[in-house]
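Note sheet for the following structure.
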Amino acid sequence: MDDSSGLKPKELEFTLAAVSQFSSSSLSSSSSSSSSVIARFSANSGVAELRFHRDSEFIDGFNVDIGTSQLFKLGPVQSLCVSEISGAGKEKSYSRAVTIQFRNEDESRDFHSAFEQWQKDVIQAGIHLPNGAIAASKSKFDYKIEPSSAKMYFHYYGQLLHQQNMLQDYVRTGTYYAAVIENRVDFTGRVVVDVGAGSGILSLFAAQAGAKHVYAVEASEMAEYARKLIAGNPALAQRITVIKGKVEEVELAEKADILISEPMGTLLVNERMLESYIIARDRFLVPNAKMFPSIGRIHMAPFSDEYLFVEIANKALFWQQQNYYGVDLTPLYGSAFQGYFSQPVVDAFDPRLLVSPPLCHVIDFNEIKEEDLFEIDIPLKFIASVGTRVHGLACWFDVLFNGSAVQRWLTTAPGAPTTHWYQIQCVLSQPIYVMAGQEITGRLHMIAHNAQSYTMYLSLSAKMWGPGAVQGGILQTASGKLDLKEPYYRMSQPQSYTMAQDQQPQQLLQAQAIPIHTEDLDEAELLQQPSENTGPQLQ
């Protein structure tokens, strides 16, 4: 029988390796005994709780109100559950935290999925919180993202100078324009939603292509500028409505036929706007609608760059001073050294630095679920083309506009015209040596965090070469932890190139040739120099 809150009394259990209280000074472990800890989700009397038990006994002080808590990943098998308590004012404080240790990564992933599902049930049920607020008033975005991060994010994109930086990326803007205008058949007479509309440029493109109506959804103060820009184009303005708000919160008057957005961040997933793009898909689109873009691919390859490695390593030399105004700085050298290597390098690099052909990880925006983007795990396997020192993993992305008439790729590949996204180089503090023909394996594991980005765990290994290889041994391994939120911007401006008005259109790609169901794809052709018969290029 359902209770009045709309939540059914039910239970779900997980076996944990350990659970402990978290404090600023230490972790007070509650799991010193050898017996296992049971985490039990339950809903009774309108309250959804997470309780911890050992030997069938409830562990006092460890109960968690799911409706007022957040769960964060500290590592592959460790998480932190923070309980929110509201004071008399509007400001909230997080006064209690529980560290959870899982037995393996699969159980960690299942626990996080269960926690989010229970939290969704709380929101849908609209449970009254102790302070009288309604949980349903807090959107999915607010639950996932730290308020300070969201404030900075929307402030950044609310400024015209940053919109200008993106508009002047002619590869980006020109490819979007071509993808829309060349596919008028998809837009004519259709309802379009522009997610994160910014200045409103994509909404104007859609209206130019004959859209029946465009809903431009923008959460930052840029919405006011978008209204002004659109009003200044009266022939199109009557078919565009600007809505200020998050796609997780706003309501539209009708369902849409097309979703258009520029949700890509550095390495495709930074800023976590892809999740909002997927939420908008589920909330606003009719069945079999189109998404522009519809597919994204993250490309990866090991690279060798001695100059970059030395440049990063030398940054920490400052901390090797033993007499800095009478102070010995060397105790902090190790931390500084690792800190510099925790920064992904944002730069445009020469594709000749790559040690092997790349592989890619495909994200199908039509099919992927929002929660699939919370944790991205990519196995790596390469064959070295040359003998050299491998300094890390180079990454870039591309997206597909799968129009009915024309298909276009927007690429950020090395060797292609530089975009404001550049490329990413994840530099390891310990290089590995490889010979031509040697296999390089590893893993790129990305975990989303509430600062609208990802923690990246990278490992690369070089297998044994020669007679000993048949034994399957590993010769050397290097690993690192990087924060995609805190990159090292090695370049300040995109490389200059000309943009002629009479250029040939980008070579079309055949739909049947697009591998969208394979997780790891070789895409060496993106790195080849353009020729008369190969490679789509936007000049």
Revision key, fill the gap. If R0 = 56 Å, then E146 and A436, at their Cβ-Cβ distance, give a FRET efficiency to the nearest 0.05 of 0.75
Review point. Any idea what log10 I(q)/I(0) is at q = 0.12, 0.20 Å⁻¹ for the range 147-262, Debye with uniform C-alpha scatterers and no solvent?
Key: -0.39, -1.09
Check your understanding: On the accessible surface of the range 296-489, probed at 1.4 Å, how many percent belong to carbon and sulfur atoms?
Key -> 54 percent
Check your understanding: When only the heavy atoms of the protein chains count and the probe is 1.4 Å, how do M446, M491, M166 rank by accessible area, highest first?
Key -> M491, M166, M446
Check your understanding: Got a number for the accessible area of S335? Probe 1.4 Å, square angstrom, nearest 10.
Key -> 90 Å²
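Equivalent ellipsoid semi-axes for the range 338-463, as square roots of 5 times the alpha carbon gyration tensor eigenvalues: give them largest first, rounded to whole Å. Don't jump to the answer; show the numbers that get you there.
Details: eigenvalues 132, 75, 47 Å².
Equivalent-ellipsoid dimensions as semi-axes: 26, 19, 15 Å.
Counting only protein chains, not ligands or nucleic acids, how are R190, R443 ordered by accessible area (probe 1.4 Å), most first? Show your work: numbers first, answer last.
Details: R190 95, R443 75 Å².
Of R190, R443, the descending order of accessible area is R190, R443.
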Study note, to complete from the structure: Rounded to the nearest 10 Å², the accessible area of R184 using a 1.4 Å probe with every protein chain kept is 110 Å²
**Study point:** Accessible area of the range 270-403 divided out per residue, in Å², using a probe of 1.4 angstrom
**Key:** 40 Å²
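Calculate, for K228 and A313, the FRET efficiency according to 1/(1 + (r/R0)^6) with r their C-beta to C-beta distance and R0 60 Å; round to the nearest 0.05. The partial results should precede the final answer.
Numbers: r = 49 Å, r/R0 = 0.82.
Result of the calculation: an efficiency of 0.75.
Which of the GluC sites (Glu not before Pro) across the range 218-260 are loop residues per DSSP, with 10 or fewer other Cβ within 10 Å?
Working: sites: E218, E221, E224, E248, E249, E251, E254; in loops: E221, E248, E249, E251, E254.
Of the GluC sites (Glu not before Pro), the ones in loops of the range 218-260 whose Cβ has at most 10 other Cβ atoms within 10 Å are E251.
Count neighbours as other Cβ atoms within 10 Å of each site's Cβ, and list the chymotrypsin sites (Phe, Trp or Tyr not before Pro) in the range 296-327 that are DSSP loop with at most 16 such neighbours. Please report the intermediate quantities before stating the final value.
Numbers: sites: F303, Y307, F309, F318, W319, Y324, Y325; in loops: Y325.
Sites meeting the loop and neighbour criteria: Y325.
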Practice item. Take every DSSP beta bridge whose two residues both sit in the range 296-489, then give the antiparallel share in percent to the nearest 5. Key: 95 percent
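May I ask you to rank K212, K144 by accessible area, largest first, using a 1.4 Å probe over the protein chains only?
Details: K212 120, K144 35 Å².
From most accessible down to least: K212, K144.
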Practice item. Please sort by residue number the trypsin sites (Lys or Arg not before Pro) in the range 327-435 whose DSSP state is loop and whose Cβ has at most 12 other Cβ atoms within 10 Å. Key: K369
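Carbon and sulfur atoms: what percent of the 1.4 Å accessible area of the range 147-262 do they account for? Intermediate values should be presented prior to the final figure.
Numbers: 2800 of 4990 Å².
Reported share for carbon and sulfur atoms: 56 percent.
The values are calculated or read from the model by the stated rules, or taken from the named source; none is laboratory data. None of the values given here were measured: they were computed from a predicted structure. Positions of Cβ are backbone-derived with ideal geometry, glycine not excepted, and every protein chain shown enters the neighbour counts. Note: accessible area is taken over every heavy atom of the protein model, side chains too, but ligands, DNA and RNA are not part of it. Shrake-Rupley method; radii C 1.70, N 1.55, O 1.52, S 1.80 Å.
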